[in-house]
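Some notes on the structure that comes next.
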Amino acid sequence: MSTTAFMSLPRVSKEKEPLSSEPAKKGTEEVTELHESPYTLPNALTLARIASCPFLAYAIVQGQFELATGILVAGGFTDWLDGFLARRWNQKSVLGSILDPMADKALMTTLVVTLTYKVPLAVIIFGRDLALSLWAFYLRYKSIPPPRTLRRYFDVSMPSAEVQPTQISKINTALQLLLMGFTTISPLITAFPTDGILQALQWTVAGTTIWSGFSYVGASGYKFLKPPGAGKKP
């Protein structure tokens, strides 16, 4: 081979492309990994709801139930608003599907800790949430494509599984918020006794909490996401 022919050969760079733009190959399949931006207004509103929990706890402990009621109303409004904006602006994300129930649970935990009337009810609520958190970690591990590293596991821009709230879970969340909200404003109600209403709500919430916990274990409670090109041959 002449020197001229040798010099005309194209040079091959040894540098690798970033992982986000390089398709993952598995056997004869070529799969493009999923990536999404977590920086959206709906996610920011959800984080703001989580950040309001310490202020809510302080207001309740200090007996400032008017302020606590205002924070609850604002939290309920932002809960509706972030879902509306995510649908209207097409900003739904897997991170949002995780943060939204997390915000609800943070709010519920704050209310349960500061307003708990029945210790067994608090144990049921916390036990369910702990079990669901461990279940979510397991689903993340099972669904993330190899190689399974800590960096990829905690990369919020790489969705692999999506939590899908069940119907009973939505009902349970509404009942929990109703119970805690009514407990918050009950000291302000003097026109009629509220003890019977609170007891009925507590028993109802205990039942729906257990029911909703088991509902997430079924296939309707989660979905593994398939990257674009999965199952296709080049």
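Using each residue's phi in segment 77-93, evaluate 6.51 cos²θ - 1.76 cosθ + 1.60 at θ = phi - 60° and report the 3J(HN,Hα) Karplus result to the nearest Hz, with x for Gly and Pro.
Calculated HN-Hα couplings, in order: 5, 5, 4, 6, 5, 5, x, 5, 5, 4, 6, 5, 9, 6, 10, 5, 8 Hz.
Return the loop-located chymotrypsin sites (Phe, Trp or Tyr not before Pro) in segment 99-174 (DSSP other than H, G, I, E, B) with at most 15 other Cβ atoms within 10 Å of their own Cβ; answer none if there are none.
Sites meeting the loop and neighbour criteria: Tyr117, Phe154.
Starting from the Cα of Lys142, step 7 Å along the direction of its Cβ; do the same at Phe55; then give the gap between the two resulting points in nm.
4.0
Please list, ordered by chain and number, the residues whose modelled amide H lies under 5 Å from the amide H of Leu225; skip anything fewer than 5 residues away on the same chain.
It is Ala161, Glu162, by chain and number.
Per-residue HN-Hα couplings for segment 68-73, Karplus 6.51 cos²θ - 1.76 cosθ + 1.60 at θ = phi - 60°, whole Hz, x for Gly and Pro?
Going residue by residue, I get 4, 5, x, 5, 5, 5 Hz, with x marking Gly and Pro.
Spin-label point model (7 Å from Cα, Cβ direction): what's the Tyr153 to Asn90 distance in nm?
3.5
Which of the trypsin sites (Lys or Arg not before Pro) found in segment 126-200 are loop residues per DSSP with 12 or fewer other Cβ atoms within 10 Å of their Cβ?
Arg148
All of the numbers you see were taken from the coordinates with simple rules; none came from a lab. No experiment lies behind these values; they were computed from the predicted model shown. FYI the Cβ positions are ideal-geometry reconstructions off the backbone, even for glycines, and counts take in every protein chain you see.
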